[in-house]
Amino acid sequence: MGTWDIGPFDNDTAADFGGDLDEAALEEREALIRAALKRAADPADFLDTSDGERAVAAAALVAAQCPDGELTCSNDGPSEPLPELPADLRTLAVDALDQVASERSELAELWDDAENGSKWRHDITHLRDVLDQSLSMDVISTRVRESPAGRLHDQCR
C-alpha cells in the first residue's frame, strides 16, 4: 500500500485518480467520479484496495460540495475545478463508503492492521456523516416544498 497518511488522497491510487480527473475534460469528470463510486458500491465479491482508495477519494470530492462539507484534499487531489456534482452522487458515495468500511473490503482489512486504523475509520465515518446529513437535509427540503404550506409559500413569491 503506497500510503503516506490517512487522507482521501494520501495514497498512490487516489493521487493518480486526482491526476486522471485533472487530465479529463470538465464534462467528463462527473462520470469518472460516478464510476469510482459505482465500482465500490456494488463489488462483485471482495472490494480490492485500489477500488476502495478511489472510492474514498471520490466520496471526499462529493462531500466537499455538501453544505457542511469541507475540502479534505491534500496537494495530491485534483487541482482543476470540478463541475457541480448531482445530488444522487451523495447516495452512491454513502453506499460506496459503507462497502469500503465493511468486512468485504481489502482496504478496511489493511487499515485495521495499521497503527492509524482507528483514525482512518473515524475519517471514513465523518465523510459518511457529512454525506448522510446532506441527504437528510434534501429530504426535509423536498417535504417542505411539497407540503401545503410550502406550495403556498412558492405561490406567494
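Candidates are the residues of region 87-126 that are in contact with an Asp or Glu (Cβ under 7 Å, 6 or more places away or on another chain) and open to solvent by less than 40 Å² (accessible area, probe 1.4 Å); the one that is nearest to K38 (Cα to Cα) is V94.
Within region 31-65, if we keep just the residues that are closer than 15 Å to T91 by Cβ and open to solvent by 10 Å² or more (accessible area, probe 1.4 Å), the residue that is modelled with the lowest pLDDT turns out to be D42.
Taken together, the residues in region 16-28 that are open to solvent by 80 Å² or more (accessible area, probe 1.4 Å) and either within 22 Å of W120 (Cβ to Cβ) or among the basic types (K, R) (or both) amount to 1.
Test S134 against the criterion of being hydroxyl-bearing (S, T, Y) and either modelled with pLDDT under 95 or within 17 Å of the chain's Cα centre (by Cα) (or both), and give yes or no. Judged against the criteria, S134 is a match. Can you pull out every residue in region 1-15 that is within 15 Å of A60 (Cα to Cα), open to solvent by 20 Å² or more (accessible area, probe 1.4 Å) and part of a helix (DSSP H, G or I)? The answer is T13, A15. Among the conditions (1) farther than 20 Å from D132 by Cβ; (2) touching a residue at least 12 places away in the same chain (Cβ under 8 Å); (3) assigned to a helix (DSSP H, G or I), the only one that A58 does not satisfy is (1).
The values are calculated or read from the model by the stated rules, or taken from the named source; none is laboratory data. Please read all numbers here as calculations on a predicted model, not as lab measurements. As a convention, Cβ positions derive from the backbone with ideal geometry for all residues, glycine included, and neighbour counts pool all protein chains shown. Side chains included, ligands, DNA and RNA excluded: accessible areas come from the protein's heavy atoms. Shrake-Rupley method; radii C 1.70, N 1.55, O 1.52, S 1.80 Å.
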